[in-house]
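Notes follow once the structure below has been shown.
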Ligand code: NAD
Ligand code: MG
């Protein structure tokens, strides 16, 4: 085999970042870590640098960079520390990099991910918020640079694997009738509605099947995660929102399905472990070991399906409306959700208020066209401001 592929992992200290490094470490002849980034938990970033000896590490500000640089030198490493968004964009687009794992959470990942796209890198996309915010521009940039875009989100990776072969070569999704996007229903699938006003961040983050970062865990509880994924699926697979149906499947064994016009329905199954989609995307179109245990169908015994209840999951309705409205609506939805979820995790708002905040923001601001990245960030800032006003008005 030729030289190992050089991989940048944006958001290396997070749940997806760590799973990515676990898979990479299983294949030292195939992959080498080029750069790692972290935002908090910088002592963990140091430990990851010691383990993977990257060429670069990226941290949010100069003071943290000096401390990490000193610690790296003391550990005998030549890793260079870069700072902030500029540093992230640099390691995402460096000519030596082959693939970029985009695993920063939220809107903060958009510019570095786009920098990787514009540089024509292979993109392993976990940061769904980036695509939700800027879908049309993002996909245009992918087409222009010829970047290979591989979904890491387990549902989208499943759909990708079930798509016609030609699709992955950028041809078409002819013959696809519907995409069936599965959802576990999260920790509150059966909680009495009256109790939802009193659930804690810890309860919201205790996902029954997946271990994830705190923001996406709350999104999974509210099913905003599925709403963002609906928008993500429309961009990745050139589908209309009406072609994407959400199916609650509590076991999280079927990761999604594609329904064809001849009646064939293809599904991808596996244990709920993100190392499967990560290994799939890293090695695509080949297959490599991910460390995930083989699926034991006899232990699972049954697979259940339900329709989502919109009264229980208003965020899903709001996301579908934003998907239909398109233009600036998904960026507003995403930003309002980020503010509301942060406030919920800080104990400043109750769980049902997450949906109230987002709904108010979407009702207050008209949907406008977004022709460039600046317009996306204007919509994002406006939604954050309106969500902030909701919080001040309610004394939070
Ligand atoms: P996480 O909170 O565990 O990790 C987030 C990473 O982003 C960390 O490395 C953190 O340091 C970094 N980060 C946070 N804020 C930042 C900022 N402002 N600037 C730069 N870096 C910042 O989150 P996660 O669960 O690993 O999720 C990462 C992304 O992957 C999210 O977009 C999420 O929706 C998506 N995703 C996650 C899973 C999962 O199983 N965890 C599954 C599908 C998709
Ligand atoms: Mg998912």
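The values are calculated or read from the model by the stated rules, or taken from the named source; none is laboratory data. On a predicted model such as this, the values are computed, not experimentally measured, just so you know. With ideal geometry, Cβ positions are generated from the backbone for all residues, glycine too; neighbour counts draw on all protein chains shown.
Based on what the data block shows, is residue 193 at negative phi and within 13 Å of ligand 1 (Cβ to nearest atom)? Taking the combined requirement at face value, the residue does not satisfy it.
Screening residue 289 on (1) crowded, with 17+ Cβ neighbours inside 10 Å; (2) in a loop (DSSP other than H, G, I, E, B) shows it passes everything except condition (1). Scanning the range 27-38 for residues that are surrounded by fewer than 20 Cβ atoms within 10 Å (Cβ to Cβ) and touching a strand residue (DSSP E or B) at 6+ places or on another chain (Cβ under 9 Å) returns 30, 32.
Note on the range 206-219: residues that are buried (at least 24 other Cβ atoms within 10 Å of the Cβ) and more than 9 Å from ligand 1 (Cβ to nearest atom) amount to 1. Checking each residue of the range 43-57 against the condition of being within 13 Å of ligand 1 (Cβ to nearest atom), within 29 Å of residue 374 (Cα to Cα) and either in the same structural domain as residue 214 (by TED's automatic domain parsing) or in contact with a helix residue (DSSP H, G or I) (Cβ under 6 Å, 6 or more places away or on another chain) (or both) gives at least one match. Checking 132, 100, 117 one by one, the residue that is assigned to a helix (DSSP H, G or I), in contact (Cβ under 8 Å) with a residue 12 or more places away in the chain, away from ligand 1 (no atom under 11 Å from the Cβ) and in the same structural domain as residue 16 (by TED's automatic domain parsing) is 117 and no other. Against the conditions (1) more than 16 Å from ligand 1 (Cβ to nearest atom); (2) more than 20 Å from residue 278 (Cβ to Cβ), residue 31 satisfies every one except (2).
Listed here are the residues, each with its yes/no results for (1) buried (at least 22 other Cβ atoms within 10 Å of the Cβ); (2) in contact with a helix residue (DSSP H, G or I) (Cβ under 8 Å, 6 or more places away or on another chain).
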| site | (1), (2) |
| --- | --- |
| 62 | no, no |
| 65 | no, no |
| 70 | no, no |
| 83 | no, yes |
| 89 | no, yes |
| 96 | no, no |
| 101 | yes, yes |
| 104 | yes, yes |
| 112 | yes, yes |
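Checked against the criterion of being within 16 Å of ligand 2 (Cβ to nearest atom), within 28 Å of residue 383 (Cα to Cα), modelled with pLDDT of 95 or more and out of contact with any strand residue (DSSP E or B) (no Cβ under 7 Å at 6 or more places or on another chain), the range 145-159 has at least one qualifying residue.
Checking 133, 139 one by one, the residue that is closer than 25 Å to residue 179 by Cα, more than 16 Å from ligand 2 (Cβ to nearest atom) and surrounded by fewer than 20 Cβ atoms within 10 Å (Cβ to Cβ) is 139 and no other. Filtered by the rule that a residue be touching a strand residue (DSSP E or B) at 6+ places or on another chain (Cβ under 8 Å) and within 16 Å of ligand 1 (Cβ to nearest atom), the range 226-248 gives 226, 229, 230, 232, 233, 236, 246.
Among the residues of the range 363-390, those identified as touching a helix residue (DSSP H, G or I) at 6+ places or on another chain (Cβ under 6 Å) and in a helix (DSSP H, G or I) are 364, 376, 379, 380, 383, 384, 386, 387, 390.
Among all residues of the range 167-179, there is none that is within 13 Å of ligand 1 (Cβ to nearest atom) and either assigned by TED's automatic domain parsing to the domain that holds residue 108 or in contact (Cβ under 8 Å) with a residue 40 or more places away in the chain (or both). For the range 1-26, filtered to residues that are away from ligand 1 (no atom under 16 Å from the Cβ) and buried (at least 16 other Cβ atoms within 10 Å of the Cβ), the residue that is nearest to residue 215 (Cα to Cα) is 6.
Scanning the range 329-357 for residues that are without any contact (Cβ under 8 Å) to a residue 60 or more places away in the chain and buried (at least 24 other Cβ atoms within 10 Å of the Cβ) returns 329, 332, 336, 340, 357.
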